[in-house]
Every structure is written in C-alpha cells, then in structure tokens.
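First comes the structure, then the notes that go with it.
The values are calculated or read from the model by the stated rules, or taken from the named source; none is laboratory data. Note that the coordinates shown come from a computational prediction; the quantities given were computed from them, not determined experimentally. Cβ atoms come from the backbone with ideal geometry, glycine included; neighbour counts cover every protein chain shown. All accessible areas refer to the heavy atoms of the entire protein, side chains included, with ligands and DNA or RNA removed. Shrake-Rupley method; radii C 1.70, N 1.55, O 1.52, S 1.80 Å.
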Amino acid sequence: MTTLPAASSRLALWLLIAAVAAWLAVNRDHLDPVLIESAIHDLGLLAPLGHVVLFALGTILFVPGAIFGLMGGALFGPFWGAVLNLTGATLGATAAFLVARYAAADWVRRKVGGRLDRLIAGVGAEGWRFVAFVRLVPLFPFNLTNYALGLTRISLKHYVLASLVCMMPGAVAYAWLGHAGREAAAGNTAAIRYGLIALALLAAITFLPRLMRRLRGQEQPKWIEVDELASLLKEGPGIALVDVRGADEFTGPLGHIADAANLPVGELPKRLAEIDALKDRPVILVCRTEKRSATAAALLRDAGFRDIGVLRGGMEQWNQKSLPVERRAGPEHTGVTVAPAWRP
C-alpha cells in the first residue's frame, strides 16, 4: 500500500515536471537554438557532456528532440554528434520511463480497467517489439511515448535496448542534417549531398515498419486472449486445442486445459499427417507462455493450415485467471482425433 509521504513525493515530482514543461511550452519562442548552441560551446571540454545532459533534460521536459539532434551534428560533426544524440536521447527516454513507472503506475493500475487495462497488458506482452515499432515510426510523439511505455509491463532492459538500437537511425540522420546545415552555411556545397543522405535515412525510418509488415505478410499469428478462449470452450465443440509443450510440462504444475491434445512442437513436423484433417478447422495453440505456440503456428501455416490462433500468455496467463486445469493425461490427450472439442 502506498504511504502518504511517498504519494506526496510522487505528486510533487509530477507537478514539477508539468510546471517546467508548461513554462517551456509557453516560452518556446524564446528557446533560441543559437543561444543553446553557444552555451554548450562555451563549456569547452565539457561541451559533449553538456549536450548529453541538455538532451536528456529536454526529453523529460517535452522539448522537441530535433533541436538537440540537429545541434549535435552542427557542434560535433556527423559521427560524434550521432553518438552524443543517441546517448542523450536514451538517457532522457529511460528517465521518463522510470518516472512514469514508479510515480504513476500504481495509480494507473487502480484507476484503469476493461479495455484500457487489456490494451496496456497487450502492449506489455509485445515487449521490445512494440518499443522497436514506435521508435522506428516518427509519427509517434517521442517525449510522450517515453512516459506512456513506463505504464506498461515492458521490462526496463528490453525498453532500453530496443530504444538504443532503434533510435540509432534517427540519431544519425539528425546529426547528418545538422552537420550538413553548418557546412552549407559555411559555403561547402558538398553538404547538400550530406543532407540528401540524411533525408533518405529519415524516409527509410518512416517506411521501414510498413515494409517489414508487407514482407512478413501473414506471419503474425492470430492472438487469442484467455477470456476469449474460455468463452469459446463454454460454447461447446468446434475448435481444435493443441498444447505444444513437452509431456512433462503438460502434466506439470501449470497443468493443461481440458480436452487439449498434447503435441510437442519438436514432434510437430513429423506428425503433421495426424492433424491434416483439421486444416479447415480453427486450431488454437497453447504453451507455457506463447513463444513455442508462435513457432508451431508458423509450422502449421507453412503446412497449409488457414485458421490458427495462439493463446496469449499461455498456461501462465490461464493459471493467473484461476481458470480450471487438469494435471493427469489420459489416452484422449495422446492422439489428435479423439478429444471431444475436436469433433465436428
């Protein structure tokens, strides 16, 4: 339970951030990049550190990162500018993530529910993949996204690593643009080429996620939520339920869902003939979490199965919902044609 002093401290932190961010928003016209650049340059040997600190603070306080990104390239060149930009952006994004997680997450969990709660859980389940997506698509507001991701269950390690890697193209692009602008102002016509390279990189960042989705086509499995599967099973037969864990896990502490057939993912390629008749039926795959089920879904898809679902969160999520399980395997679980839920 949150103590009153802790709650007061968190409220004070949010009020401070909000107040400074509001002041900066109102006085944004006075945020002269030339003055900021001059102040950083006057730090001498500490200028790189000053740039990183200001970039991080600006990220926390909703100052547009483009200002510091272009400035890094103008002050420190394309290479070191990109390195410093990436360092400052990563530190600022991490700080905002931690502020949201430890100063607001408990409040959000108490207040949200229903679809919003499931949305947050779903984003958390995607982990680094969702972080990578929002980092590679400039349409998502960078500063706000940092705080929003802190409210999910995404691990700090995955958040930082995915942010670091996927913000790299943007950091390089802005550094090149800043460097090109400085060189062009100095009369270096070759800087136009640098600018075109940077613009091409920004364009690649914009269209890369869409291109990847197009190339992957139907590779993403259809996710089935635990509550949705429980409702489908109550409605009666009609779906094929396949547990792709090993036999020891099938009867282990997490148990298995009634009427599920046990077909370990490692045995799946050589046992496809046993389930060939189910190609036109809905098939729901289950494992401990969801990774092996996703692998099994790809195998079945390549074998011609058309309607495949993966239980999101697997048996761990099923048990967290306190839904019924069985821990004994009878003869109906060793084959793939006699389980009641599989009959037409």
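A few points about this structure:
- Residues in the stretch 153-174 that are β-branched (Val, Ile, Thr) and within 14 Å of ALA93 (Cβ to Cβ): ILE154, VAL160, VAL165.
- Residue within the stretch 277-285 that is in a loop (DSSP other than H, G, I, E, B), among the hydrophobic types (A, V, I, L, M, F, W, C) and under 32 Å from the mean Cα position of the chain (by Cα) present: no
Table: residues versus (1) modelled with pLDDT of 85 or more; (2) within 22 Å of the chain's Cα centre (by Cα); (3) within 25 Å of TYR147 (Cβ to Cβ).
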residue	(1), (2), (3)
PHE55	yes, no, yes
LEU61	no, no, yes
ILE67	no, no, yes
ASN85	yes, yes, yes
THR90	yes, yes, yes
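- Residue in the stretch 13-30 that is modelled with pLDDT of 85 or more, part of a helix (DSSP H, G or I), open to solvent by 20 Å² or more (accessible area, probe 1.4 Å) and out of contact with any Lys or Arg (no Cβ under 9 Å at 6 or more places or on another chain) present: no
- Positions within the stretch 53-100 being among the hydroxyl-bearing types (Ser, Thr, Tyr) and surrounded by 24 or more Cβ atoms within 10 Å (Cβ to Cβ), in sequence order: THR59
- Residue, farthest from GLU316 (Cα to Cα), within the stretch 215-242, restricted to residues that are among the charged types (D, E, K, R) and at pLDDT below 75: ARG216
- Residue match in the stretch 111-120 (condition: under 30 Å from MET71 (Cβ atoms) and either at pLDDT below 80 or part of a helix (DSSP H, G or I) (or both)): no
- Residue within the stretch 169-192 that is out of contact with any Leu (no Cβ under 7 Å at 6 or more places or on another chain), modelled with pLDDT of 75 or more and surrounded by fewer than 17 Cβ atoms within 10 Å (Cβ to Cβ) present: no
- Residue list for the stretch 238-261, restricted to those being open to solvent by 10 Å² or more (accessible area, probe 1.4 Å), within 12 Å of VAL283 (Cα to Cα) and not β-branched (Val, Ile, Thr): GLY238
- Of all residues making up the stretch 233-288, the number that are of a type in the set (S, T, N, Q) and under 15 Å from ILE308 (Cα atoms): 0
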